[in-house]
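Step one of this worksheet: look at the structure below.
The values are calculated or read from the model by the stated rules, or taken from the named source; none is laboratory data. Values in this document were obtained by computation on a predicted structure and should not be read as measured data. We place every Cβ from the backbone using ideal geometry, glycine too, and count neighbours over all the protein chains shown. Remember, those area values only see protein heavy atoms, side chains included, never the ligands or the DNA or RNA. Shrake-Rupley method; radii C 1.70, N 1.55, O 1.52, S 1.80 Å.
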Amino acid sequence: MTMAEKHTNNDLENKICTFLNDKEDGATALQIAKGVGLKKTSVNSVLYRLEETRQLYRNSDQPPIWSRQKRSAATVKNSQPTHALAVELKKMLLDGKGMKSFHLAAKLNVPRSEVTKCLHGLSRSGEVKRLGETSLWKVDGTNGGGRLIKYEGEFQDCSIELKEDSRFFRDFELVSVLGAGGFGCVVKAKHKLDGEIYAVKILEYTIKASREIKALAMFSHPNIVRYYTSWDEKAFWINEFNDDDSTTSSQYPTDSEQRDSCSSANGAENSGRDLSCLFIKMEFCEKGTLNDWIKKRNEGTQNTFKTAEALHMFRQILSGVEYIHSKGHIHRDLKPENVFIGEDETVKIGDFGHVTNTSSSLVNRTSETGTPIYMSPEQKTALDYDKKTDIFALGLIYFEILWKMPTVSEKFKLFENLRTQVFPEDFKNKYTTEHHMIRKMLSQTPAERPDVKEIAKYLEDFLLRNSAALEQKSA
């Protein structure tokens with residue numbers, strides 16, 4: 001890290017800490033970002049770095065509340081703002097069974113008077129209703145009144161209510177929810193007619209979502225997740241956005257200032273709204289993501305790992321990226337969470353929520369689109385970049401599948417060093433040739449990075465020359 005970068009990071013840390021010094025009840029990452037005049041993606045990694053050094057604490061709220069002092073669960077719950085309480089109440093009432101106010105208050109550890117006040121407010125806005133003599137509160141059927149898709153994760157909760165006659169429930173049996181992010185959620189579903197398992201991505205229908213569909217429909221390659229079809233329908237949506245870009249898969253960014261203002265107006269912590277949603281039916285990859293594979297390796301449960309296996313996987317990723325580039329597109333969010341592994345061990349690139357068109361010349365693009373830790377320098381700061389931005393992310397992935405990084409903090413530290421061409425000495429000694437190529441891929445100057453074809457040819461030649469030696473290299 002250069003002195004200038006260190007100074008910038010220190011300055012941002014000081015700004016965040018100063019901002020939170022005056023916030024007794026803490027603040028969300030979005031509120032902090034607005035308070036220091038930056039985008040949320042710019043402060044996320046800093047927040048978790050400050051947590052590592054015990055300068056900040058976060059609670060279990062979704063999204064988390066960050067503060068300078070650690071607070072008890074009771075304190076956190078009792079200090080919830082009204083909009084956060086509304087979210088919790090709507091989530092608890094979405095199952096359709098109904099609950100009494102004192103039960104809700106007990107479960108949330110919030111005074112009954114506050115719960116009752118919030119419920120009456122939601123009733124006036126037509127979002128919940130009370131059932132006569134039973135005094136049971138329920139979600140008002142006029143705002144959805146259908147079947148629920150619900151996900152509760154460590155960092156992300158998502159509840160989507162579909163109409164009883166929705167196409168999704170007409171055609172599919174819901175097996176499980178695979179994950180959720182700011183974009184929406186991905187579910188595992190069994191088709192009622194053909195009996196096959198598919199992945200169905202559900203997200204708000206935006207310009208960016210439409211762009212993802214067009215790209216998927218264009219692509220046909222063994223190393224890209226297969227697209228089948230898509231459709232749109234209305235849904236009643238409660239979506240609590242994650243503040244941790246490094247842990248959610250496929251986080252969906254804003255597309256413009258108009259989308260930013262929409263998110264702010266409706267609020268990531270609102271009590272629900274009707275949305276036009278896009279459903280994308282895709283190939284289901286049984287063996288999870290490359291990130292899952294890396295975690296198993298890092299935890300030591302994958303004892304048979306060999307370097308040749310990792311390089312074979314990376315060669316397939318290269319093949320998929322080469323195809324994407326040949327079709328005049330940039331992925332812009334390459335990371336292990338967006339690389340999937342099929343039943344036959346075939347590696348497939350997915351999640352094209354950040355894909356964009358490219359050409360032989362540079363064009364204006366949205367900065368800070370993607371996942372910060374894998375972004376190229378120009379993607380973080382510039383509005384004119386080309387397909388070489390994907391090469392930078394590939395360089396980090398190449399390093400990550402070869403080198404164990406047991407903790408998130410160690411990964412952040414190593415990645416920061418890699419950005420300034422500083423590699424672990426042990427890595428350079430063990431992976432001499434690989435180190436040379438990764439160094440070129442992580443060049444600060446895009447023109448100095450090799451293109452995908454050059455990397456693929458190097459890897460092919462390297463594997464042919466060193467197949468026997470590679471079998472002796474273990475993780």
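Points to keep in mind about this one:
- Taking (1) touching a Cys at 6+ places or on another chain (Cβ under 9 Å); (2) not in a strand (DSSP E or B) in turn, I202 satisfies each apart from (2).
- Lone unmet requirement of (1) modelled with pLDDT of 90 or more; (2) in contact with an Asp or Glu (Cβ under 9 Å, 6 or more places away or on another chain); (3) in a strand (DSSP E or B) for C158: (1)
- Within the stretch 132-155, considering residues that are touching a helix residue (DSSP H, G or I) at 6+ places or on another chain (Cβ under 9 Å), open to solvent by 30 Å² or more (accessible area, probe 1.4 Å) and within 22 Å of H120 (Cβ to Cβ), the one modelled with the lowest pLDDT: S135
- Residue within the stretch 313-321 that is in contact with an Asp or Glu (Cβ under 8 Å, 6 or more places away or on another chain), part of a loop (DSSP other than H, G, I, E, B) and buried (at least 17 other Cβ atoms within 10 Å of the Cβ) present: no
- For the stretch 339-350, the count of residues that are modelled with pLDDT of 90 or more and within 28 Å of V43 (Cβ to Cβ) is nonzero.
- Residue check, L418 over 18 Å from E337 (Cβ atoms) and open to solvent by less than 10 Å² (accessible area, probe 1.4 Å): yes
- In the stretch 381-415, of all residues being in contact (Cβ under 8 Å) with a residue 60 or more places away in the chain and outside any helix (DSSP H, G or I), the one that is surrounded by the fewest Cβ atoms within 10 Å (Cβ to Cβ) corresponds to P406.
- Residue satisfying all of: in the stretch 262-286; in contact with a strand residue (DSSP E or B) (Cβ under 9 Å, 6 or more places away or on another chain) and farther than 30 Å from H191 by Cα; modelled with the highest pLDDT among these: E269
- In the stretch 57-88, the residues that are at pLDDT 70 or above and of a type outside the set (D, E, K, R): Y57, N59, P64, I65, W66, S67, Q69, H83, A84, L85, A86, V87
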